[in-house]
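First the structure, in the form of structure tokens, and then the observations on it.
The values are calculated or read from the model by the stated rules, or taken from the named source; none is laboratory data. Remember, predicted model here, so these are calculated numbers, not experimental data. As a convention, Cβ positions derive from the backbone with ideal geometry for all residues, glycine included, and neighbour counts pool all protein chains shown. Side chains are part of the model used for accessible areas, which takes the heavy atoms of the whole protein and leaves out ligands, DNA and RNA. Shrake-Rupley method; radii C 1.70, N 1.55, O 1.52, S 1.80 Å.
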Amino acid sequence: MTLGGRRVEVQRPRVRTADGETEVPLSTYEHFADRDPLGRVVLERMLAGVSTRRYRRTQEPVGEEIETTAKSTSKSAVSRTFVERTRDALAELMSRSSRICVWR
């Protein structure tokens, strides 16, 4: 899950139907497992001028135990996320139809 600008490992909760046949998706787990908040945080901090080398210093404090097991905070991981997010944003911008408005 994403927590304070980093990925942390949690045990995935499993819920099954009463007959035990199918797994029931948990919307709360899906919300917190979404990587999008992490990508937004990385993009936001990089656009504010934080270098990949100093990214870890800008993260919210979450405790020593979580810090040691957190993922997606290395320079290369932050850089990959930034490149991915800017590529997606540029593609979205370029796909918009351009309309020229002429004022008379």
Inset, instruction - Only residues that are of a type in the set (Ser, Thr, Tyr) and modelled with pLDDT under 80: list them for segment 1-28, please. - result: THR2
Inset, instruction - Could you please give the count of residues in segment 53-77 that are of a type outside the set (S, T, N, Q) and farther than 19 Å from ALA33 by Cα? - result: 10
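Which residue out of THR73, THR68, THR86 is among the polar types (S, T, N, Q), part of a helix (DSSP H, G or I), open to solvent by less than 80 Å² (accessible area, probe 1.4 Å) and out of contact with any strand residue (DSSP E or B) (no Cβ under 7 Å at 6 or more places or on another chain)?
Details: THR73 fails: part of a helix (DSSP H, G or I); THR68 fails: open to solvent by less than 80 Å² (accessible area, probe 1.4 Å).
None of the other options fit; the residue is THR86.
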Inset, instruction - Report the residue count in segment 1-54 for those that are closer than 13 Å to ARG85 by Cβ, out of contact with any Ser or Thr (no Cβ under 6 Å at 6 or more places or on another chain) and surrounded by 11 or more Cβ atoms within 10 Å (Cβ to Cβ). - result: 7
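Residue-wise test of (1) in contact (Cβ under 8 Å) with a residue 24 or more places away in the chain; (2) over 20 Å from the mean Cα position of the chain (by Cα); (3) in a helix (DSSP H, G or I).
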| position | (1), (2), (3) |
| --- | --- |
| GLU9 | yes, no, no |
| GLU21 | no, yes, no |
| PRO37 | yes, no, yes |
| ARG45 | yes, no, yes |
| VAL62 | yes, no, no |
| SER79 | yes, no, yes |
| PHE82 | yes, no, yes |
| SER97 | no, yes, no |
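Condition check ((1) hydrophobic (A, V, I, L, M, F, W, C); (2) over 17 Å from SER76 (Cα atoms)) across all residues:
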| site | (1), (2) |
| --- | --- |
| GLY5 | no, no |
| GLU9 | no, yes |
| ARG12 | no, yes |
| THR17 | no, yes |
| GLU23 | no, yes |
| LEU26 | yes, yes |
| ASP34 | no, yes |
| VAL41 | yes, no |
| SER51 | no, no |
